[in-house]
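The values are calculated or read from the model by the stated rules, or taken from the named source; none is laboratory data. Treat the numbers as computed from the prediction; the structure is a model and nothing was measured. Cβ coordinates were reconstructed from backbone atoms using ideal geometry, including for glycine residues, and neighbour counts include every protein chain displayed.
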Amino acid sequence: MQQSSAILCDGCGQPAGPGHIARRLKRLENMTRYRPIHVQALFLAATGPAADTDYLYSALGDFAGEGAEILRALGIEVSGRAVEAALTEFQRRGYVLAYVLECAQANGSAAAHREALQQRVFATIARIRRSLKPKRIVLLGNELTEFVPQLAAANLEATLILREGRPFEWNELGDRLLTKELTAPLEAL
């Protein structure tokens, strides 16, 4: 009798080989380095970027893709600064960027991607409750729209920040947009 030695990745739930696991561990190490002790705001998106260069915590030299977008939307200056300085400011503000599926989906249809998100959302809620414990959660990306009711009902002890009841879209993030959204509830007090 032959046993299967497939390992499931803890970041995405996919069967994973050594390369996938090594990449996941490297991303986890990079994120952990800049994780604040007290999380003021968790920026939660559906799926981590496929390219390491677009992953906020893996930037080398310059920020690109989603990493650059989130920093721009928060008003964190990157031009003329070392990557470490921008990530340290992100950390000092108490921010974390995480994903329901930490690893990009290798191949698959939109239905398979949706199913993978559905399978991982409960693990993500548990991670938010047990480990991250943010004060605010900002959802990023249309793919998370269907999970808004689950997240709102999950008793996460965090304010869910949405745009007109829906997650913020990556392509709509303007300069300092998220900074304005994060300070608006505080100004109302």
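Take region 82-108 and flag every residue that is exposed (fewer than 14 other Cβ atoms within 10 Å of the Cβ) and either in contact with a His (Cβ under 7 Å, 6 or more places away or on another chain) or part of a loop (DSSP other than H, G, I, E, B) (or both). Listed by number, the residues that qualify are ALA82, ALA106, ASN107, GLY108. The requirement of being of a type in the set (Ser, Thr, Tyr) and buried (at least 17 other Cβ atoms within 10 Å of the Cβ) is fulfilled somewhere in region 118-132, by at least one residue.
Can you find even one residue in region 1-18 that is in a helix (DSSP H, G or I), free of Cβ contacts under 8 Å to residues at least 60 places away in the same chain and surrounded by fewer than 18 Cβ atoms within 10 Å (Cβ to Cβ)? Taking every residue of region 1-18 in turn, at least one turns out to be in a helix (DSSP H, G or I), free of Cβ contacts under 8 Å to residues at least 60 places away in the same chain and surrounded by fewer than 18 Cβ atoms within 10 Å (Cβ to Cβ). Per the conditions (1) loosely packed, with under 12 Cβ neighbours inside 10 Å; (2) of a type in the set (Gly, Ala, Ser); (3) modelled with pLDDT of 90 or more; (4) outside any helix (DSSP H, G or I), the sole criterion not satisfied by ALA154 is (1).
When you look at GLU181, is it in contact (Cβ under 8 Å) with a residue 40 or more places away in the chain, out of contact with any Leu (no Cβ under 8 Å at 6 or more places or on another chain) and either assigned to a helix (DSSP H, G or I) or of a type outside the set (Asp, Glu) (or both), yes or no? Spelling it out, GLU181 is indeed in contact (Cβ under 8 Å) with a residue 40 or more places away in the chain, out of contact with any Leu (no Cβ under 8 Å at 6 or more places or on another chain) and either assigned to a helix (DSSP H, G or I) or of a type outside the set (Asp, Glu) (or both).
Checking each residue in region 19-55 for being aliphatic (A, V, I, L, M), surrounded by 16 or more Cβ atoms within 10 Å (Cβ to Cβ) and closer than 24 Å to ARG114 by Cβ picks out LEU42, LEU44, ALA45, ALA46.
If you go through region 52-81 and keep only what is of a type outside the set (A, V, I, L, M, F, W, C), more than 26 Å from GLY19 (Cα to Cα) and not in a loop (DSSP other than H, G, I, E, B), you end up with GLU69, ARG72. All of (1) modelled with pLDDT under 90; (2) surrounded by 21 or more Cβ atoms within 10 Å (Cβ to Cβ) hold for ILE70 with one exception: (1).
In region 58-67, the residue that is modelled with the highest pLDDT out of those that are buried (at least 22 other Cβ atoms within 10 Å of the Cβ) and over 21 Å from LEU144 (Cα atoms) is PHE63.
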